[in-house]
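This report concerns only the one structure given below.
Please treat every number below as a calculation from the coordinates, not as lab data. What you are looking at is a predicted structure, and each value in this text was computed from that prediction instead of being measured. As a convention, Cβ positions derive from the backbone with ideal geometry for all residues, glycine included, and neighbour counts pool all protein chains shown.
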Amino acid sequence: MRTLLALLLLLAAALAHAHKPSDSYLAVRVEGSNLSGQWDIALRDLDFAIGLDDSGDGNITWGEVKAHHADIAAYALARLKLR
């Protein structure tokens, strides 16, 4: 019985560590004196930071993302530093 309990606890710990870490990708292009780029941030991270799921149903829709465009831009740009 103890062995079974120990195995269950190990399995639960492994599942707890199996969550994918946050993803954020920044692609920057320099062409002469012009700088452009694209920053991709995981929706789950933005939802945690500023709350995108207005309906509270666990699904983030494109409409909810568009409605929070200004909030997303303000949150992201306040944390972006280029040197």
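Here the Karplus curve 6.51 cos²θ - 1.76 cosθ + 1.60, taken at θ = phi - 60°, turns the phi angles of region 58-75 into couplings of x, 10, 9, 9, 4, x, 5, 5, 4, 5, 9, 3, 5, 5, 5, 4, 5, 4 Hz, with x standing for Gly and Pro.
Please give the peptides 46-58, 26-38 ranked by average Cβ packing (other Cβ atoms within 10 Å per residue), highest first, as a rough proxy for protection. Show your work: numbers first, answer last.
On the way: 46-58: 12.5, 26-38: 8.5.
Peptide ranking by packing, descending: 46-58, 26-38.
Local charge sum around GLY58 (other residues, Cβ-Cβ under 13 Å, Lys/Arg +1, Asp/Glu -1)? Before the final figure, lay out each step's value.
Numbers: positive: ARG44; negative: ASP47, ASP53, ASP54, ASP57, GLU64.
Result for the neighbourhood of GLY58: -4.
Counting only other residues whose beta carbon sits under 15 Å from that of LEU26, what net charge do I get with K and R as +1, D and E as -1? Walk me through the numbers before you get to the answer.
Details: positive: ARG29, ARG79, LYS81, ARG83; negative: ASP23, ASP40, ASP45.
In short, +1.
Sorted largest first, the principal axis extents computed over the alpha-carbon atoms of region 38-83 equal 40, 16, 16 Å.
Taking 0.36 nm per residue of separation and subtracting the Cα-Cα distance, full extension of the segment from PHE48 to ALA78 would add 9.2 nm.
Annotation: amide H-H contacts under 5 Å for ALA42 (H modelled 1.01 Å from N, sequence separation of 5 or more, or interchain): ASP23. Close amide H partners of LEU52, meaning residues 5 or more places away or on another chain with modelled amide H under 5 Å apart, are ASP47.
Our coupling estimate for region 45-53, obtained by passing each phi through the Karplus curve with A = 6.51, B = -1.76, C = 1.60 and θ = phi - 60°, is 6, 5, 5, 5, 6, 10, x, 9, 7 Hz, Gly and Pro reported as x.
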